[in-house]
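The values are calculated or read from the model by the stated rules, or taken from the named source; none is laboratory data. Here the structure is a predicted model, which means the values were calculated and not measured. So basically every Cβ, Gly included, is an ideal-geometry build from the backbone, and we count neighbours across all protein chains shown.
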């Protein structure tokens, strides 16, 4: 049995204004899920992308404009968005405070395809640190 101490997991800046802490992934023994949280500065967010698996995005604090395809919704603390596999989606912090999001992917690695990218981005593979 292995306990993961979330506070011991490093935070890293994924893109300007977005800091991520991976909790559980293939890099620390997960085989089915990837669980992480993000802190997003005002006006920052995740550009349109897709994953080959389902994702659940939960707002812990702040206010987010989230979209799946052409459909937008404003989410606040205590609300989640279920993103089906292979659907283009993204989000942006539309509040004046930091947006805090908890995310779960139905895969032990983070894999995303962004618009105009030739290859998907893959992170937190088995045996890696991030």
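Return the pairs, sorted by first residue and then second, in which the second residue is in a loop (DSSP other than H, G, I, E, B), the first residue lies in the range 14-31 and is over 18 Å from residue 126 (Cα atoms), the beta carbons are less than 6 Å apart, and the residues are 6+ apart or on different chains.
Listed pairs, sorted by first residue: 17/41; 17/44; 18/44.
Any residue in the range 40-63 that is on the phi < 0 side of the Ramachandran plot and without any contact (Cβ under 8 Å) to a residue 40 or more places away in the chain sitting within a Cβ distance under 8 Å of a residue that is surrounded by fewer than 14 Cβ atoms within 10 Å (Cβ to Cβ) and not in a loop (DSSP other than H, G, I, E, B)? List the pairs, counting only those 6 or more apart or interchain.
Listed by first residue and then by second, the contacts come to 63/74; 63/76.
Please count how many residues of the range 21-58 are more than 21 Å from residue 7 (Cβ to Cβ) and not in a loop (DSSP other than H, G, I, E, B). Break it down into steps so the answer makes sense when it comes.
We begin by selecting, within the range 21-58, every residue more than 21 Å from residue 7 (Cβ to Cβ); these are 31-32, 41-57.
Still in the running and not in a loop (DSSP other than H, G, I, E, B): 45-50, 55-57.
Looking only at that region, the number is 9.
Mind checking which residues of the range 93-124 are at pLDDT 95 or above, surrounded by 19 or more Cβ atoms within 10 Å (Cβ to Cβ) and more than 15 Å from residue 54 (Cβ to Cβ)?
If the condition is that a residue be at pLDDT 95 or above, surrounded by 19 or more Cβ atoms within 10 Å (Cβ to Cβ) and more than 15 Å from residue 54 (Cβ to Cβ), then 93, 99, 101 are the ones that fit.
If we scan the range 73-87, do we find a residue that is surrounded by 13 or more Cβ atoms within 10 Å (Cβ to Cβ), under 12 Å from the mean Cα position of the chain (by Cα), closer than 24 Å to residue 117 by Cβ and modelled with pLDDT under 95?
Among the residues of the range 73-87, not one is surrounded by 13 or more Cβ atoms within 10 Å (Cβ to Cβ), under 12 Å from the mean Cα position of the chain (by Cα), closer than 24 Å to residue 117 by Cβ and modelled with pLDDT under 95, which makes the answer no.
Report the residue count in the range 31-58 for those that are more than 20 Å from residue 86 (Cα to Cα) and surrounded by 18 or more Cβ atoms within 10 Å (Cβ to Cβ).
5
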